[in-house]
Amino acid sequence: MSRLEVAPEQVPAEGSRSLIRHEGKSLVLFNLGGELYAIDEGCPHNGASLFSGRLNGRLLQCPAHGLRFDLATGCVPGVAGFGVATYAVERQQGHCFIDLSRPRPQESLPCLQLQ
């Protein structure tokens, strides 16, 4: 389960998102301005689905409790050591892949307030 090829019909159009399920794992794949971001679908606070969260730039707001996550880092701006796991997304020769082997946990990232 290290590298997942996303089916072409599941790659979201610009400004959209897709729910990806693979081997018991749920991810949300976002396309913001042509840049793809993949995060765990469940909010780490209470497990609420982040799929329907409201976007403001790169910040995704959890629909259940209002926590905001940076899609690039998974961080909650201004809070160290808490966030949602993110995954590297790459495009190669017209195919889209999500690297599931190395989720990026927030504990190792400096979570900074976005301007």
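The values are calculated or read from the model by the stated rules, or taken from the named source; none is laboratory data. For clarity, every value in this text was computed on a predicted model and none was experimentally measured. Here the Cβ positions follow ideal geometry from the backbone for every residue, glycine too, while neighbour counts run over all protein chains shown.
Among R54, R17, which is the only one that is surrounded by fewer than 19 Cβ atoms within 10 Å (Cβ to Cβ), modelled with pLDDT of 95 or more and of a type in the set (K, R)?
Checking each option against the conditions leaves just R54.
Can you name every residue in the stretch 8-34 that is outside any loop (DSSP other than H, G, I, E, B) and farther than 17 Å from A72 by Cβ?
P8, E9, Q10, S18, L19, I20, R21, H22, K25, S26
It is to be established whether one or more residues within the stretch 25-39 are hydrophobic (A, V, I, L, M, F, W, C) and loosely packed, with under 15 Cβ neighbours inside 10 Å.
Scanning the stretch 25-39, I find no residue that is hydrophobic (A, V, I, L, M, F, W, C) and loosely packed, with under 15 Cβ neighbours inside 10 Å, so the answer is no.
State the number of residues belonging to the stretch 88-115 that are surrounded by 20 or more Cβ atoms within 10 Å (Cβ to Cβ), modelled with pLDDT of 90 or more and not aliphatic (A, V, I, L, M).
Residues in the stretch 88-115 being surrounded by 20 or more Cβ atoms within 10 Å (Cβ to Cβ), modelled with pLDDT of 90 or more and not aliphatic (A, V, I, L, M): 1 in total.
Tally up the residues in the stretch 75-87 that are surrounded by 15 or more Cβ atoms within 10 Å (Cβ to Cβ) and over 20 Å from H22 (Cα atoms), please.
Within the stretch 75-87, residues that are surrounded by 15 or more Cβ atoms within 10 Å (Cβ to Cβ) and over 20 Å from H22 (Cα atoms) number 5.
Can you run down the residue pairs with Cβ atoms below 9 Å, 6 or more apart or on separate chains, where the first is in the stretch 1-12 and among the aliphatic types (A, V, I, L, M) and the partner is in a loop (DSSP other than H, G, I, E, B) and at pLDDT below 95?
Going by the 9 Å Cβ cut-off, the qualifying pairs are M1/E23; M1/L100; M1/S101; L4/E23; L4/L100.
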